[in-house]
Every structure is written in C-alpha cells, then in structure tokens.
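Comments concern the structure below.
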C-alpha cells in the first residue's frame with residue numbers, strides 16, 4: 001500500500017503506468033453498461049410479479065427483527081420529523097433521495113478517475129461488484145418499503161391486511177378506511193419533490209420492492225471512501241464523512257427503507273471490495289509501454 005500523505009495524494013500526479021489502459025470514454029461506457037444491466041435485471045423481480053404478499057411478509061419480518069432488538073425507530077422518527085414546522089422541509093429530502101444518489105456518486109467517480117488513477121480500478125470494480133450483489137439481494141428477498149405498508153394501491157400492503165378497504169379505494173389513493181396499521185407517510189406522494197415510484201407510469205420501469213439492500217447507503221459509503229483522501233479542507237472532509245449518515249437519515253425520514261436495509265448495503269460494499277481486491281491481486285502489474293491514443 002502507498003504511504004503517500006494527504007497533500008501528496010491530492011497535488012502530485014501519479015506515475016504514468018497508473019493510467020495505463022484508462023480512457024475516459026471506456027470508463028463512461030463501463031458505467032453505462034453496468035447501470036443499464038443493473039436497472040434491467042433489478043426491475044424483473046419484486047413488484048414485476050404483481051403479488052405484494054411476499055414483499056409484505058418480508059417487511060413484517062424486518063419489523064419484528066427491529067422490535068426484538070428494541071430498535072424499531074422508523075415510524076416514530078418520521079412522525080416526529082413531519083410534526084416540525086413546515087413538515088421539516090421534507091420536500092428537500094425527497095429531492096435529495098431522488099438526485100444525490102446518482103449525482104454525487106457520478107461526481108466521485110469522475111474525480112477518482114482524474115485525481116487518483118492508482119485507486120481507480122480497485123474502487124471502480126468495487127462499485128460494480130457491490131451493485132451486482134445488490135441485484136442478487138433484490139431477486140432473493142423482495143421487501144416492501146415502509147412508505148407502501150399502508151398504501152391501498154397496487155403495490156401497497158393494505159390489500160394484505162385490509163383487502164376490502166383496499167379494493168374499495170381507487171388505485172394509488174393515499175389512504176382508505178382501515179389502511180392505517182403502520183402509520184407511515186409516502187412523503188413524495190403527499191408533499192412532492194421528485195418522481196413518485198408508486199405512480200402508474202413507473203410500474204414497468206421500477207421494482208417497488210427493491211429495498212434490501214439499500215444502495216443509497218452502499219453507494220454513499222463508497223463515495224465517502226473515494227473522496228476522503230482527495231479533499232483537503234477539514235470542513236469538506238467532515239461533510240464527506242457525514243454523507244452516508246445524512247443519506248441514512250434521508251432514507252428513514254422519507255420511509256423508503258428500514259435501517260436494516262442500510263446494513264445490507266454495507267455488507268454488499270464489504271463483499272464487493274473484497275472481490276475487487278482479489279481481482280486486483282490477480283491482475284498483472286502494468287508494464288511500461290508506449291503511450292496509446
């Protein structure tokens with residue numbers, strides 16, 4: 001492992017062999033292919049089958065686990081926050097949930113490519129493998145997010161415990177008689193801010209039950225690991241370090257995940273990193289070659 005200090009890591013160029021084979025267009029193509037395959041495969045499972053039963057059952061299992069640990073905090077946390085003046089400006093968190101996940105990760109990826117080619121292959125492969133492992137989780141364990149537990153619509157859990165009320169309610173209605181067992185609010189549907197993945201038009205392009213593992217936590221933690229050695233100012237370092245924590249707060253306040261989903265995201269990241277390290281160790285050392293275009 002390199003013993004370079006922070007200033008040297010940020011300011012000094014890497015040896016040319018660190019960039020051997022790295023081309024910006026190849027990296028963008030790599031990202032596009034990985035994400036396209038991820039999205040395509042991810043959306044073949046869960047809500048694509050049209051049966052909310054398994055995903056609802058898994059949600060009950062997660063809630064029971066958190067209760068057994070005396071850490072079932074999600075409904076109380078959301079109620080407390082939405083009772084703040086202006087509903088805590090929850091619309092900000094809705095936008096954050098929809099945009100930061102992609103934009104911040106992409107910025108970190110580009111920054112890594114430009115400023116730290118020595119770590120680029122390892123961390124690029126870590127991100128790809130982490131994302132691939134998440135797809136396995138989505139396929140093996142469909143999980144209804146908290147925001148859908150009281151929803152009487154086609155993806156909601158209300159039809160599992162109050163089917164008469166759910167059938168009597170229009171698809172996509174926020175509430176219906178008897179659909180208040182869990183007390184969660186779908187903050188995007190109620191307060192707006194970004195795409196509502198429960199909308200009719202999102203059925204074919206989004207797996208509503210891809211909650212376990214949380215890639216919001218997996219990707220935000222990866223981003224922090226990428227950026228921490230690359231930023232200089234103490235305030236920036238603190239913000240980068242807190243980014244996964246801020247993201248965890250967001251996914252809980254918006255009722256898109258249980259905190260256990262975040263643990264799943266971290267496990268995927270850890271395994272993805274271990275696999276990427278193994279691949280990197282098997283890669284022949286880059287031999288000095290003539291520059292290629």
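All of the numbers you see were taken from the coordinates with simple rules; none came from a lab. Treat the numbers as computed from the prediction; the structure is a model and nothing was measured. As a convention, Cβ positions derive from the backbone with ideal geometry for all residues, glycine included, and neighbour counts pool all protein chains shown.
Each label was represented as a point 7 Å from its Cα along the Cα-to-Cβ direction; for residue 164 and residue 274 these points are 5.2 nm apart.
The convex hull built on the alpha-carbon positions of segment 216-284 has an orientation-averaged projected area of 5.4 nm². Were the residues from residue 245 through residue 83 laid out at 0.36 nm apart, the gain over their Cα-Cα distance would be 56.1 nm.
Sorting 220, 214, 206, 132 by the number of Cβ atoms found within 10 Å of their own Cβ, with the fewest placed first, yields 132, 206, 220, 214. Among 222, 259, 111, 80, sorting on how many other beta-carbon atoms sit within 10 Å of each Cβ, with the fewest leading, yields 80, 111, 259, 222. What FRET efficiency, computed as 1/(1 + (r/R0)^6) with R0 = 22 Å and r the Cβ-Cβ distance, is obtained for residue 26 and residue 107, rounded to the nearest 0.05? For residue 26 and residue 107, the calculated efficiency is 0.70.
With the simple spin-label model, which puts each label point 7 Å out from Cα in the Cβ direction, the residue 73 to residue 34 separation comes to 3.1 nm.
Peptides 55-67, 82-94, 241-253, ordered by how many other C-beta atoms sit within 10 Å of their residues on average, highest first, read 241-253, 55-67, 82-94.
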